[in-house]
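**Q** What follows is a single structure, and I will ask about it in a moment.
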Amino acid sequence: MKKYSVFLFWLMLALTSCSAEPASVEQKINKLIGQMTLEEKIGMLHGNSKFTSGGVDRLGIGEISYSDGPHGVREELERDSWKPAGLTTDSATYFPTGTAVAATWNPELVYKMGVGLGLEARARHKDILLGPAVNIQRTPICGRTYEYYTEDPYLSARLAVGYVKGVQSCDVAVCVKHFAANNQEKDRGTVDVRMSDRTLNEIYLPAFKAAITEGGALSVMGAYNRFRGDYCCESDYLLNQILRKNWGFQGAVVSDWAAVHNTRKAALGGLDVEMGTNAPYSAFYMADSLLALVQRGEVSEELINEKVANLLRILFKIKAFEPENRVKGELNSATSQQTAWQIASESITLLKNQNDLLPLQRDKIKRLAIIGDNATRKLANGGFGAGVKAKYEITPLQGLRNRLGNDVELVHVKGYEKRSKVKYKNDIERDRQTADEPDYVLIAEAVEAAKTCDMAIIFGGLNLDYDTEASDRLSLKLPYGQDSLIAAVTRANPNTVVVLIAGSPVDVRTSLDLAPAVLYGWLNGSEGGNALADVLLGTVNPSGKLPFTIPARLEDVSVHALGTYPGVDGKVSYDEGVLVGYRWFDTKNIEPLVPFGFGLSYTRFEYSNLKTSNTTCSGNDVVTLTFDLKNSGSYAGAEVVQVYAADLESSVERPAKELRAFTKVRLEPGEVKSVSVDVPVSSLAFYNETVGDWTVEPGDFDLMVASSSRKTELTQRITIK
Ligand code: BGC
């Protein structure tokens, strides 16, 4: 066994982390703090409206302005309530949501999205943007799956770093959320999460760690749930030990909205700012009662100073004290809209394309049936905190109209109707159970339309009653009887395409069995409809790959198989350990309905000729895999190449394979490229609980170059000495 050198670790941390400011800034911070009264300091540590925390006017410290969320700058709310302020100046670009972004497997695009978000945040005078949301998709029915990226920690980390760097390049701080282990919405406000240190470090922390140590994230949001007994916003282990001590974090920890429960615990546990508790603001845990604790000597003023310093450090970084030099920002720029389109068009994931039904052959289609509620539904606004008041949102029907003009007649019928209506939290479950019956009148109408058309496209899936904060879904089933609709329409017209507008895995068995072509269209932002039309018509060749496994049955997913969701007596024990997502399916040999990393193209890719820089390596080496990738079809296209590693001899149970690298390669028809992918040997480590550190064990590993988690194209065995 080889343990990382402690020296190297600290050196790396010092080079890459949100490192200490040059002395002059730290001196300025100390000077400011020296001029502040205790009341003024505490005034900075809690909300003074729904989305601002206090400043100190007389010292030129403005209040700090926050905004949701991961995929767009949220509309302005009234200062003291959740009600929209009713402005006409706060509409924004709605960027694709988490899973769509992840399906691109393209961190450079996520960086661009970050820049777009950062510019919009600046134009709206925001200091902290509440994203990215990087929690792991432990169960596919978690309501916030659509906001999060993926079930895989490595992919999540790569995307998070892109987002953080993009946003912060615009003098806006990110707030990486929700730290940590907020993997279900059910009982999220109280549930107590238990897991091993190995599981925590290998699965649930990597994206947060990368966002901070590589991305330089300036703030982190403490989650609602508890972790090992303590609320996350009051957890010394998470906030003081892991974040600050282990990762060298020097920014601020902000609570999720109303996630604080105890003044002393929050103050000592590492929280800096309390947000979202019900007004009056003086009654926040981190307001008058914190003042009283300091006055009684139960919390030191030094600790308060540290918290204020953590905030001031952010303000210096985002140039809050030099407005003339600060990025001014821009709302709804053409560049942002183009980025939204690019992400949407790279995210769309083709699951089936029998007999090359797609792309649509425009000249052979006179009448096209457009079926389904999601053909015309706008999805930007809703889903609680992650809603965006979109400047515009192109629906799938509009997208097709935009791209087809008057050449093709579009016959639009509903096919099914959204009958659920999210009211609040507990109502949701009751409401949904009544929403599953097919509507046979609408189905008959859809069948008639499909019969009279050359082709039919069903735009089904979910909506923001299902892809939502504050509740989980009850099953993977498509709501409103959509499977009956799909069966009837595919019978009426065999040339039927199913497009799933959803941010999370749904049961696609009926679609895959009965429809010749199936696509995942995601919750795909302002330009989603245009991008979909471009893919359907072949101006864009799909290159998205699933960032999650679609299980054949919910019971096949580890936490459902083992009954470790949603917990018992207020506690949820992550007994499946590191076997989350494909790690479980592959290790236990369970066939998924569609595997993680899967996605088709209109062209074909051939992999050959794998070579390796070194087959016998030691801990600090980097293995470079080089191979040829050929586009052997007739469309230009992009392939997401994935590299998985399998540890062949290990002292602990390891997943059958784990994603360790990926790259997206673009090729013209007939083109061959030599592709190189680096796999640092250090990335083959597991978290060794006996030593409390990462360990790369000697022995053989297989490095698999793959087109999905279930399709290995080339394999190289290496030996670690
Ligand atoms: C969510 C956060 C969000 C906050 C403010 C909370 O309910 O969990 O993600 O940033 O509300 O809207």
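The values are calculated or read from the model by the stated rules, or taken from the named source; none is laboratory data. In this text the structure is predicted, and so the values were computed from the model without any measurement. Quick reminder, even Gly has a Cβ in these numbers, built from the backbone with ideal geometry, and neighbours come from all protein chains shown. Accessible surface is based on the protein model in full, side chains and every heavy atom, while ligands, DNA and RNA are left aside. Shrake-Rupley method; radii C 1.70, N 1.55, O 1.52, S 1.80 Å.
**Q** Please identify the pairs in which a residue from segment 118-141 that is more than 18 Å from A210 (Cβ to Cβ) and open to solvent by less than 10 Å² (accessible area, probe 1.4 Å) has its Cβ atom under 6 Å from the Cβ atom of a residue that is within 11 Å of the ligand (Cβ to nearest atom) and charged (D, E, K, R), counting only partners at least 6 apart or on another chain.
**A** Final answer for the pair search is L130/D68.
**Q** Anything in segment 598-613 that is open to solvent by less than 60 Å² (accessible area, probe 1.4 Å) and free of Cβ contacts under 8 Å to residues at least 40 places away in the same chain? List them, or say none.
**A** Across segment 598-613, there are no qualifying residues.
**Q** Oh, and also: Which one of the conditions (1) within 22 Å of A340 (Cβ to Cβ); (2) surrounded by 22 or more Cβ atoms within 10 Å (Cβ to Cβ); (3) more than 16 Å from the ligand (Cβ to nearest atom) does I203 fail to meet, given that it meets all the rest?
**A** With (1) within 22 Å of A340 (Cβ to Cβ); (2) surrounded by 22 or more Cβ atoms within 10 Å (Cβ to Cβ); (3) more than 16 Å from the ligand (Cβ to nearest atom) applied to I203, the lone miss is (1).
**Q** Would you tally the residues in segment 106-131 being more than 16 Å from the ligand (Cβ to nearest atom) and β-branched (V, I, T)?
**A** Total meeting the criteria: 2.
**Q** Same structure, new question: So, of the residues in segment 55-64 that are small (G, A, S) and surrounded by fewer than 18 Cβ atoms within 10 Å (Cβ to Cβ), which turns out to be nearest to the ligand (Cβ to nearest atom)? Let's see the steps before the verdict.
**A** Initial filter on segment 55-64 (small (G, A, S)): 55, 60, 62.
Going one step further and asking which of them are surrounded by fewer than 18 Cβ atoms within 10 Å (Cβ to Cβ), we end up with 60, 62.
Working: G60: 27, G62: 20 Å.
Looking at residues that are small (G, A, S) and surrounded by fewer than 18 Cβ atoms within 10 Å (Cβ to Cβ), I get G62.
**Q** Restricting the search to segment 283-333, which residues are of a type in the set (G, A, S) and assigned to a helix (DSSP H, G or I)? Working first, answer last.
**A** Within segment 283-333, the subset of a type in the set (G, A, S) is 283, 287, 289, 292, 297, 300, 309, 320, 329, 333.
Answer for segment 283-333, where residues must be of a type in the set (G, A, S) and assigned to a helix (DSSP H, G or I): A283, S289, A292, A309.
**Q** Residues to consider are G270, G276, G297; find the one that is within 16 Å of the ligand (Cβ to nearest atom) and either under 28 Å from the mean Cα position of the chain (by Cα) or small (G, A, S) (or both). Talk me through it step by step, then tell me what you get.
**A** Details: G270 fails: within 16 Å of the ligand (Cβ to nearest atom); G297 fails: within 16 Å of the ligand (Cβ to nearest atom).
Residue meeting the stated conditions: G276.
**Q** Follow-up. Look at segment 86-109 and say how many of its residues are open to solvent by 40 Å² or more (accessible area, probe 1.4 Å) and more than 13 Å from Q342 (Cα to Cα).
**A** 4
**Q** Considering only segment 253-260, I want to know if a residue exists there that is in contact (Cβ under 8 Å) with a residue 12 or more places away in the chain and either more than 16 Å from the ligand (Cβ to nearest atom) or among the aromatic types (F, W, Y) (or both). Talk me through it step by step, then tell me what you get.
**A** In the first step, residues of segment 253-260 are kept if they are in contact (Cβ under 8 Å) with a residue 12 or more places away in the chain; the result is 253-260.
Remaining after also requiring either more than 16 Å from the ligand (Cβ to nearest atom) or among the aromatic types (F, W, Y) (or both): 257.
Yes; the residues of segment 253-260 include at least one that is in contact (Cβ under 8 Å) with a residue 12 or more places away in the chain and either more than 16 Å from the ligand (Cβ to nearest atom) or among the aromatic types (F, W, Y) (or both).
**Q** How about segment 279-294: which of its residues are touching a strand residue (DSSP E or B) at 6+ places or on another chain (Cβ under 9 Å), among the aliphatic types (A, V, I, L, M) and more than 16 Å from the ligand (Cβ to nearest atom)?
**A** Within segment 279-294, M286, A287, L290 meet the criteria.
**Q** Return a yes/no flag: does segment 624-644 have any residue that is among the aliphatic types (A, V, I, L, M), modelled with pLDDT of 95 or more, closer than 25 Å to I203 by Cβ and open to solvent by 30 Å² or more (accessible area, probe 1.4 Å). Give the steps one after another, and end with the answer.
**A** We begin by selecting, within segment 624-644, every residue among the aliphatic types (A, V, I, L, M); these are 625, 629, 636, 638, 640-641, 643.
Next, from what is left, pick out any that are modelled with pLDDT of 95 or more: 625, 629, 636, 638, 640-641, 643.
With closer than 25 Å to I203 by Cβ added as a condition, the list becomes 625, 640-641, 643.
From what is left, the residues that are open to solvent by 30 Å² or more (accessible area, probe 1.4 Å) are none.
Checked segment 624-644: no residue is among the aliphatic types (A, V, I, L, M), modelled with pLDDT of 95 or more, closer than 25 Å to I203 by Cβ and open to solvent by 30 Å² or more (accessible area, probe 1.4 Å).
**Q** Does S91 satisfy the condition of being at pLDDT below 95 and either in contact with a strand residue (DSSP E or B) (Cβ under 8 Å, 6 or more places away or on another chain) or within 16 Å of the ligand (Cβ to nearest atom) (or both)?
**A** Working: at pLDDT below 95: no; either in contact with a strand residue (DSSP E or B) (Cβ under 8 Å, 6 or more places away or on another chain) or within 16 Å of the ligand (Cβ to nearest atom) (or both): yes.
So S91 fails the test.
**Q** In segment 222-244, which residue that is assigned to a loop (DSSP other than H, G, I, E, B) and either in contact (Cβ under 8 Å) with a residue 40 or more places away in the chain or aromatic (F, W, Y) (or both) is surrounded by the fewest Cβ atoms within 10 Å (Cβ to Cβ)?
**A** Step one: of segment 222-244, the residues assigned to a loop (DSSP other than H, G, I, E, B) are 223-225, 228-229, 235.
Imposing the further condition that a residue be either in contact (Cβ under 8 Å) with a residue 40 or more places away in the chain or aromatic (F, W, Y) (or both) reduces the set to 223-225.
Details: A223: 26, Y224: 22, N225: 26.
Checking each candidate, the answer is Y224.
**Q** Further question: Tell me which helices (runs of 4 or more DSSP H) are completely within segment 500-565 and hold 1 or more residues being open to solvent by 10 Å² or more (accessible area, probe 1.4 Å) and either without any contact (Cβ under 8 Å) to a residue 60 or more places away in the chain or aromatic (F, W, Y) (or both), or say none if there are none.
**A** Working: elements: 509-514, 528-537, 558-561.
So the answer is 509-514, 558-561.
**Q** Sticking with this structure for a sec: Taking the options R188, R194, name whichever one is within 16 Å of the ligand (Cβ to nearest atom) and open to solvent by 10 Å² or more (accessible area, probe 1.4 Å).
**A** Working: R194 fails: within 16 Å of the ligand (Cβ to nearest atom).
Sole residue among the options that is within 16 Å of the ligand (Cβ to nearest atom) and open to solvent by 10 Å² or more (accessible area, probe 1.4 Å): R188.
**Q** Within the group L357, L351, L315, L368, which residue is open to solvent by 20 Å² or more (accessible area, probe 1.4 Å), at pLDDT 95 or above, out of contact with any Lys or Arg (no Cβ under 9 Å at 6 or more places or on another chain) and not β-branched (V, I, T)?
**A** Details: L351 fails: open to solvent by 20 Å² or more (accessible area, probe 1.4 Å); L315 fails: open to solvent by 20 Å² or more (accessible area, probe 1.4 Å); L368 fails: open to solvent by 20 Å² or more (accessible area, probe 1.4 Å).
After ruling out the rest, the residue left standing is L357.
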